[in-house]
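Quick note: the coordinates plus some simple rules give every number you see, no bench work behind them. Keep in mind that this is a model prediction, so the values were computed, not measured. Cβ sites come from the backbone with ideal geometry, for glycine too, and all protein chains shown count toward neighbours.
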Amino acid sequence: MQHHILKPLFIQIFNYLLKFETMASSNTFSLCSLLVIVTLGVLVGFTGNSHAQLSTNFYSKSCPQVFDAVKSVVKSAVSKEKRMGASLLRLHFHDCFVNGCDGSVLLDDTSSFTGEKTALPNNNSLRGFEVVDKIKSQVEKACPGVVSCADILAIASRDSVQILGGPSWEVKLGRRDSKTASLSAANSGVIPPPTATLNELTTRFRAVGLSQRDLVALSGAHTIGQARCTTFRARIYNETNIDASFARTRQNTCPRTAGYGDDNLAPLDITTPNTFDTAYFKNLVNQKGLLRSDQILFNGGPTDSLVKSYSCSANTFNADFAKAMIKMGDNKALTGSKGEIRLNCRKPN
């Protein structure tokens, strides 16, 4: 029950007990009434707060099949295309950085709003929407109208990482879906660009409640996935903090001239591009970061020591990555009666 349902109930019972007082002994009423009123008061306060928090067992009774339903689709999609694991993970990132983890990134444009899919950081870049549709379809078959699209992204991200060899963690759930999306918010600079400096990265992560340590750990997601030539062209031709041989290799498929090979792909982790491991950090130590925003984490600054630590210890990285993912997933989540549970992740109900 919600707070607004319990409170009137509490008042009704209280009034009933006041009427009952005339028929009961004073001592009996005082004890029984006090116990009932205090208990109900605690319930009112507790229930009102419980819906404001995410929980790892949110669907334990309403949809215990949710995890199997999500994982079966993710596993199938990743087996067909390894890159899809990184794509699903990225959807969750871009969702959480724009007005919180509310599934808004999944919404198509409508007559009343232009969504986030065509924003500069997302257009011709975000992918995996069809896989999310398949997941939602499977979940709806198991538990109609129960699980949000925002929660589906959180679970699918965890499963993608685990399937590709990374850590697992208990996903906090209970998010609800936004009824709208904002192109302007997605274009406002809240999503860190691949050209960002360390100060810019730090500022953007702190804006969503993430520390510099979280920033470095979450950047480790670039141990999987690929990037388009347009995102790293300037780095491989103009920057000096890059291994020369690595730069030449990337130049082979990414021409200097804009407009040529713009959509050609390169792995973010040249060593083990389809495995979630610490090779990304080893690459940074060897100046083989593909994006400027990658290499800037190991460039004579305050994050160098942490990059080295992660490059030497998978346990440390995995633990920090899992903690940071949980923190990121908490960002401005809609809970309780806010938002809705979308029946189709692409459009409001």
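Straight-line reach from Lys288: which aspartates and glutamates fall under 18 Å, measuring Cα to Cα and dropping same-chain residues less than 8 apart?
Straight-line reach from Lys288, under 18 Å: Glu239, Asp243, Asp269, Asp277, Asp304.
Are there chymotrypsin sites (Phe, Trp or Tyr not before Pro) in segment 200-285 that DSSP puts in a loop and that have at most 12 other Cβ atoms within 10 Å, and which ones?
Tyr260
What FRET efficiency, computed as 1/(1 + (r/R0)^6) with R0 = 25 Å and r the Cβ-Cβ distance, is obtained for Ser55 and Lys338, rounded to the nearest 0.05?
Plugging the Cβ-Cβ distance into 1/(1 + (r/R0)^6) gives 0.95.
I'd like to know how segment 88-189 sits against the 2.2 N^0.38 Å rule of thumb: what's its Cα Rg over that expected value?
Normalised by 2.2 N^0.38 Å, the Cα Rg of segment 88-189 equals 1.06.
Tell me the label-point distance for the pair Ser76, Arg248, using the 7 Å Cα-to-Cβ offset, in nm and rounded to one decimal.
4.6
Do any trypsin sites (Lys or Arg not before Pro) in segment 246-289 lie in a DSSP loop with no more than 13 other beta carbon atoms within 10 Å, and if so, which?
Arg256
For segment 66-148: lysine pairs with Cα atoms under 20 Å, gap of 8 or more or different chains, count?
Lysine pairs satisfying the spacing and distance rule in segment 66-148 number 13.
Provide the net charge surrounding Asp159, with neighbours chosen by a C-beta distance below 9 Å and charges set as Lys +1, Arg +1, Asp -1, Glu -1.
Neighbourhood net charge equals +3.
Could you calculate the contour length gain from Thr257 to Phe67, that is, 0.36 nm times the residue separation minus the distance between their Cα atoms, to one decimal place in nm?
The Thr257-Phe67 span can extend by a further 63.8 nm.
Under a Cβ-Cβ cut-off of 10 Å, what is the net charge of the residues other than Pro273 that fall near it, where Lys and Arg count +1 and Asp and Glu count -1?
+1
Looking at (1) 29, 61, 10, 0; (2) 28, 49, 16, 6, 1; (3) 29, 58, 12, 2, which value of P(r) over Cα pairs in 20 Å bins from 0, in percent comes from a calculation on the structure shown?
So the calculated entry is the one marked (2).
What is the sum of charges, Lys and Arg at +1 and Asp and Glu at -1, for the other residues whose Cβ falls under 13 Å from the Cβ of Arg175?
-1
Between Gln212 and Glu239, what length comes free when the chain is fully extended (0.36 nm per residue of separation minus the Cα-Cα distance, one decimal in nm)? Write out the running numbers ahead of the final one.
Working: separation 27, 0.36 × 27 = 9.72 nm, distance 2.39 nm.
Here the segment from Gln212 to Glu239 would lengthen by 7.3 nm.
Between segment 282-310 and segment 319-349, what is the C-alpha centre distance in whole Å?
Answer, in whole Å: 30.
Can you give the longest stretch of the chain with no exposed loop site, where a site means GluC sites (Glu not before Pro) in a DSSP loop (not H, G, I, E or B) with at most 16 other C-beta atoms within 10 Å?
Values: sites that count: Glu81, Glu170, Glu239.
Counting at most 16 other Cβ atoms within 10 Å as exposed, the longest clean stretch of the chain is 240-349.
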